[in-house]
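The values are calculated or read from the model by the stated rules, or taken from the named source; none is laboratory data. Every value quoted in this text rests on a predicted model; they were computed, and no experiment measured them. Cβ atoms come from the backbone with ideal geometry, glycine included; neighbour counts cover every protein chain shown.
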Amino acid sequence: MACVASTSSLPPSYSPSSAPSPPYTCCPSIEEQRLYYVARPSSNEAPEGVFTVTARGVSVTLNHQEDGTDTPVYTRRGLVSGEIRLEDDHAVAVTVQLEGHQKMSVTELAPVTLVLFSQKHTLWKRQKQEACPKTIDFRLPFPTTYPLNGADHELPSTFVAHFPDSPGLYAEIAYTLTVKISRPRLGTWKQHTNITIPVKYQPRSRPFLPISPDLYPFLSTVKAAPEAWHQVTSVILPGEDDVGPIDCHLFIPSVQIYGLTDTVPFHLQLRGPSNSLSALVGLSVGARSMSLPPLAKLRSRTRLGKRAATPPPQRTRICDHAAQYPWSLQSPYVFVASMPGDLRSLGSARSREPARTALAVRVYVLRQVATKVKGQRAWRNRVLAEGTLRAVGEPPCFGASTGSETVPSFIAGELQVKDFVVVQVSPPASPLFEEHQFSHSIRLVTDTYREVAEHPANQ
């Protein structure tokens, strides 16, 4: 094989063409077609209201706010715009400062505050003997990132985590806009007016794919479109050798990223020997017939199938059929067996529960807030939404949501807000099976996926 030596030479010279460049457009021509595109959220117009604060002869007005709002709100790449009105012209300088802070504290340690960013701008400064204008406009872009450990990170949403029932952890991410009016000295007294306005930062996010609308009945869709489901498996181990283990299968929509107002269908399936399933629901191991409660009807002697739907936060309704069945521990702490250490038990509530006489199954969305302050780690868990369970063959139950959760999952340095789908199987009091829980990490985002039949550019 011959080897050709490479030579370095300058590229040939080109003269600019006299013809104009061809026009380009995002819309395909007659002989072209789009193969795929991701639907874009509709461009909502900015609100037309204003937010005004007045103090000591200074009035600060912020534009593009909802009427009647208590706190100004800005989204990703938002523009903080408004005007400052002064009753007099004695000011010597007018400045505005936009800041972001992260504050965390754990038991027996002093709070730690981290400045995410600080932007200070001088809007006007006296030159010679000129008078200060009575009205000053300003426009400040809200930053999208903040520096940490030599790298830029996405700016997190405004957030407060406070657990009154289990103190020991507090976390807050807050943003403020400060307007400072400097006036001449009056003897040794500096006459300044500072107006600090808390502002809320709410960047929007959404899944990259929708939840398939045709996920029921489960047995048909899992065969026809297995890619629409994600399977999570755990094993319920018995306490004695007389019965075998039970496999627990949870199926959730494969995208695993859900909007805070989405209704999320799922399927829960328990598989094992018939004597194991009998023991799980509280029947005698040697019983030949299995008269199970309506919620736990067997499709066969070796499979217990249930279908359900769970909504993440906002207005949850438990269906009438499901509400009559007992639910398990109502506690801010949860023990997850055979799962990562970040979901370890912080306190056991099982010892305070009365002996259970019937099988109880829960599927719920859990939010964990974890911090690390001066080397000490702390975390708290909170249930965001409960799932409702129905026996296979019954129509699915979808509920509206309750609650006011508006913050998606995020990580900001030593503060982590994670979300999980947790399955909890609580058999009756028996040495054969103990309570079993397992979890799977998901991500919650602010918006739901909106399918657009036509590309927005063509509308």
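Results for (1) surrounded by 15 or more Cβ atoms within 10 Å (Cβ to Cβ); (2) of a type in the set (S, T, N, Q); (3) at pLDDT below 65, shown as yes or no for each residue.
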{"residue": "GLU353", "(1), (2), (3)": "yes, no, yes"}
{"residue": "LEU366", "(1), (2), (3)": "yes, no, no"}
{"residue": "THR371", "(1), (2), (3)": "yes, yes, no"}
{"residue": "GLU386", "(1), (2), (3)": "yes, no, no"}
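Name the residue that is surrounded by the most Cβ atoms within 10 Å (Cβ to Cβ), counting only residues in the stretch 195-229 that are without any contact (Cβ under 8 Å) to a residue 40 or more places away in the chain and closer than 30 Å to VAL407 by Cα.
TRP229
Return the residue satisfying two criteria in turn: it lies in the stretch 270-280 and is surrounded by fewer than 21 Cβ atoms within 10 Å (Cβ to Cβ) and touching a strand residue (DSSP E or B) at 6+ places or on another chain (Cβ under 9 Å), and of such residues it is farthest from HIS230 (Cα to Cα).
The first filter runs over the stretch 270-280 and keeps only residues surrounded by fewer than 21 Cβ atoms within 10 Å (Cβ to Cβ), leaving 271, 273-275.
Filter once more, so that each one left must be touching a strand residue (DSSP E or B) at 6+ places or on another chain (Cβ under 9 Å): 271, 273-274.
On the way: ARG271: 18, PRO273: 25, SER274: 26 Å.
Per the stated criteria, the residue is SER274.
Suppose we keep only residues that are within 21 Å of the chain's Cα centre (by Cα) and assigned to a strand (DSSP E or B) within the stretch 389-412. Which one would you say is modelled with the lowest pLDDT?
The selected residue is THR402.
If we scan the stretch 149-168, do we find a residue that is farther than 30 Å from VAL383 by Cβ and either assigned to a strand (DSSP E or B) or assigned by TED's automatic domain parsing to the domain that holds TRP379 (or both)?
Checked against the condition, which is being farther than 30 Å from VAL383 by Cβ and either assigned to a strand (DSSP E or B) or assigned by TED's automatic domain parsing to the domain that holds TRP379 (or both), the stretch 149-168 yields at least one hit.
Can you name every one of the strands (runs of 3 or more DSSP E) wholly within the stretch 206-307 that holds 3 or more residues which are modelled with pLDDT under 85? Break it down stepwise before answering.
On the way: elements: 229-236, 246-253, 257-259, 264-271, 298-300.
Passing ranges, in order: 298-300.
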